Every structure is written in structure tokens, then in C-alpha cells.
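One structure is given below, encoded as C-alpha cells.
Bear in mind these aren't lab numbers, they're just calculated from the coordinates by the rules spelled out. Only a predicted model underlies this, so the values are computations on that prediction, with no experimental measurement involved. All Cβ positions, even for glycine, are placed from backbone atoms using ideal geometry, and neighbour counts span all protein chains on display.
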Amino acid sequence: MTCRDCGKEISTLALACPQCGRPVERESVAPPPPLDPKPTFKTLKVLLMIGIPAYIACVFVVFALVAEDKPTDSSLLNHLLNGVAGAVGAALVAGYIVSLVISGLKGKPFFVAIGILTLPMPAFSFLPIMGAIRMAKPNSKWARKYYDVEKMRIARTRFPNAQ
């Protein structure tokens, strides 16, 4: 290492140049980034945006290849109809599961429990969707992440007993 003023060689351990006395400038090293960052809502949103269409596409392919043929003239049309039927069913199930997750994040365990218990009863399938649409409790992860001051005030007014 050389001194910037006089150009003499100095030790890397020296605090100042022994010839001219100029302090040695050390290069600051930034700390390394954390090795395993925690997943965030943004990560969850990206996973859902990729995972749900991939799930629907997989179900489309499986139904197109495996399901029974319908009485039509074209084999290709049979496969497409089977795939569309499977994809629509997969989209409905994925939407139901997403609404259950959002209801849980909004602090509504009643809607999650009823949604899981009534899964085979389509007449009650609106319950987790209703829980996902309604206002979140102010102490929920959803409210802390997405609500501004005004919306948080409304949530506290609507749920005065929430902690």
C-alpha cells in the first residue's frame, strides 16, 4: 500500500504514513446481506400468481388426457371439453382456498373453520369468500400490512373488542 501524499510504501496495519504523517484511509466494507430473508406478503402474492395458473394448467392437461370422452364427433374437441371442465373446477377450488387463506390472514377463524367444514356443501361456499371480502380485524396480519390510518380507524370502530 502506498501513501497518497508522499508515495512511500506503508504497512497495511499502519494508522498513518511514517514519512509524512497522513492518516491512512481504510475502505469501508458493507456488511453481507442476510442469508435467508423471511418470506413477505409480496413473496406470497408472487407465489399465488404463479402457482394458481400452473395448478389450473396442470388440471387442464390431466382432465384433457384422462377424463372420459364426451359423445362428440371430434377427438380433439373431447379432449378440449374435458380440459376446460377440469380447469374450471380447478379455478373454483383455487379461489375457494385463496379465500380461506385471506380470511385467516384477516383474523376470521370462524369463516375459515366453517369454510373447511362445509367444503363438500356448495350451498355454504360463500362463507369464506364473505370473510375474505369483509373488513379485517385491526390486530390481524392483513390489517397491519395493508391498512392505512383511516382504514385502521374504521376497523377499530367496527371491532372494538379486538386486541
Next item on the list: Name every residue in the range 117-163 that is touching a helix residue (DSSP H, G or I) at 6+ places or on another chain (Cβ under 6 Å), in contact (Cβ under 8 Å) with a residue 12 or more places away in the chain and assigned to a loop (DSSP other than H, G, I, E, B), in order of residue number.
Entry: 135, 136, 138
Item checked: Failed condition for residue 117, given (1) under 24 Å from the mean Cα position of the chain (by Cα); (2) closer than 30 Å to residue 159 by Cα; (3) not β-branched (Val, Ile, Thr) -> (1)
Item checked: Residues within the range 139-157 that are over 20 Å from the mean Cα position of the chain (by Cα) and crowded, with 16+ Cβ neighbours inside 10 Å, tallied -> 1
